[in-house]
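Colleague: I'd like to ask some things about the structure below.
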Amino acid sequence: MPIADKVAAARKIDEVLKMLLARGGFRLKYRITVPPASPSTDWEQPVIVVDLAGPDSPVLLERGGDLLRAFEHIAHRALRLESEDHDKVSFDCMNQKAIRLRELKVTADLAAAQVRDTGVPFEFAPMSARERRMIHLAFQDSGDLRTESKGEAGRRCVVVYPQNTAR
């Protein structure tokens, strides 16, 4: 179900987080915002952003942010979002997603330059579906390059090829 009422969705997320933080005994605070629509089409922007911070922030970021992603997943389930709408709600802690987004953009630029210079495909390290999508979006307007995902489950990654390379 797409997010028709952002305010109602934000209230639902607030209810879920209050319960999770209280029952889990987490020492965290959060801010839920609805950013204005961005004219940029390079990277899709979420319609609801939840920023968490506090003494237990490192716990959320352990093991690559597994707990932070779990909180986000619970919010997706509470809102009954279909998988294609998961990018519309984003949880972050200590600005880690923004830092990772910058890393992905820089890595995509370097990969593009390397493939253009050498003609040799570039394989990214395995990453989440959301990060793979960001990489694919970064290359969507590159007429001379194309991307494909390969691998299974936790080993799935993106490969950048020169456009004229056989599939």
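The values are calculated or read from the model by the stated rules, or taken from the named source; none is laboratory data. Please read all numbers here as calculations on a predicted model, not as lab measurements. When we count neighbours, we look across all protein chains shown, and the Cβ atoms used for this are built from the backbone with ideal geometry, even at glycine. For accessibility, only protein heavy atoms count, side chains too; no ligands or nucleic acids. Shrake-Rupley method; radii C 1.70, N 1.55, O 1.52, S 1.80 Å.
Colleague: Relative to the longest principal axis of the chain, what angle (0 to 90°, nearest 10) does the C-alpha long axis of helix 129-138 take?
Modeller: 50 degrees
Colleague: Obtain the nm distance between the two label points defined at residue 94 and residue 77 by a simple spin-label model: each point lies 7 Å from its Cα along the Cα-to-C-beta direction.
Modeller: 2.6 nm
Colleague: Given the options 122, 110, 78, identify the residue whose Cα lies farthest towards the positive end of the charge dipole of the chain (+1 on Cβ of Lys, Arg; -1 on Cβ of Asp, Glu).
Modeller: 78
Colleague: Taking 0.36 nm per residue of separation and subtracting the Cα-Cα distance, what length does fully extending residue 157 through residue 14 add?
Modeller: 48.1 nm
Colleague: A further question follows. To the nearest 10 degrees, how steep is helix 57-78 against the longest Cα principal axis of the chain, on a 0 to 90 scale?
Modeller: Roughly 80 degrees between the two axes.
Colleague: At residue 130 and residue 165, where each label point lies 7 Å from the Cα along Cα→Cβ, what is the point-to-point distance in nanometres?
Modeller: It is 2.8 nm.
Colleague: Taking only DSSP H segments of four or more residues, each worth -39500 (n - 2.57), what value at 222 nm results for the chain once the sum is divided by all its residues, to the nearest 500 deg cm²/dmol? Mind dumping the intermediate values first?
Modeller: Working: 4 runs with 74 residues, N = 167.
Computed ellipticity for the chain at 222 nm equals -15000 deg cm²/dmol.
Colleague: Next question, about the same structure. Treat the chain as a sphere of radius equal to its Kirkwood radius over Cα pairs and apply Stokes-Einstein at 10 °C in a medium of 1.306 mPa s; give the translational diffusion coefficient in µm²/s, rounded to a whole number.
Modeller: On the way: Rh = 17.5 Å.
In µm²/s, the coefficient is 91.
Colleague: Hey, if we sort 101, 17 by accessible area with the 1.4 Å probe, largest down, what's the order?
Modeller: If we order 101, 17 from most to least accessible, we get 101, 17.
Colleague: How much of the DSSP bridge set in the chain is antiparallel, in percent, rounded to the nearest 5? Don't skip to the end; give the middle numbers.
Modeller: Details: 13 of 18 bridges.
DSSP beta bridges in the chain are roughly 70 percent antiparallel.
Colleague: Continuing with the same structure: In nm, to one decimal, how far is the residue 105 label point from the residue 6 one, both placed 7 Å along Cα→Cβ?
Modeller: 2.0 nm
Colleague: Multiply the residue gap between residue 148 and residue 116 by 0.36 nm, knock off their C-alpha separation, and tell me the result in nm, one decimal place.
Modeller: 9.9 nm
Colleague: For region 1-122, what is the charge dipole size about the Cα centre, in debye to the nearest 20, if Lys and Arg each add +1 at the Cβ and Asp and Glu each add -1 at the Cβ?
Modeller: 460 debye
Colleague: Taking Cα atoms, how many degrees apart are the long axis of helix 6-24 and the longest axis of the chain, rounded to 10 and kept between 0 and 90?
Modeller: 70 degrees
Colleague: For region 1-36 and region 89-111, compute the distance between their C-alpha centroids and round to whole Å.
Modeller: 22 Å
Colleague: Another question about this same structure. Please give the peptides 106-114, 22-30 ranked by average Cβ packing (other Cβ atoms within 10 Å per residue), highest first, as a rough proxy for protection. Display every interim value, and only then the final one.
Modeller: Working: 106-114: 14.9, 22-30: 13.1.
Most protected by this proxy first, the peptides run 106-114, 22-30.
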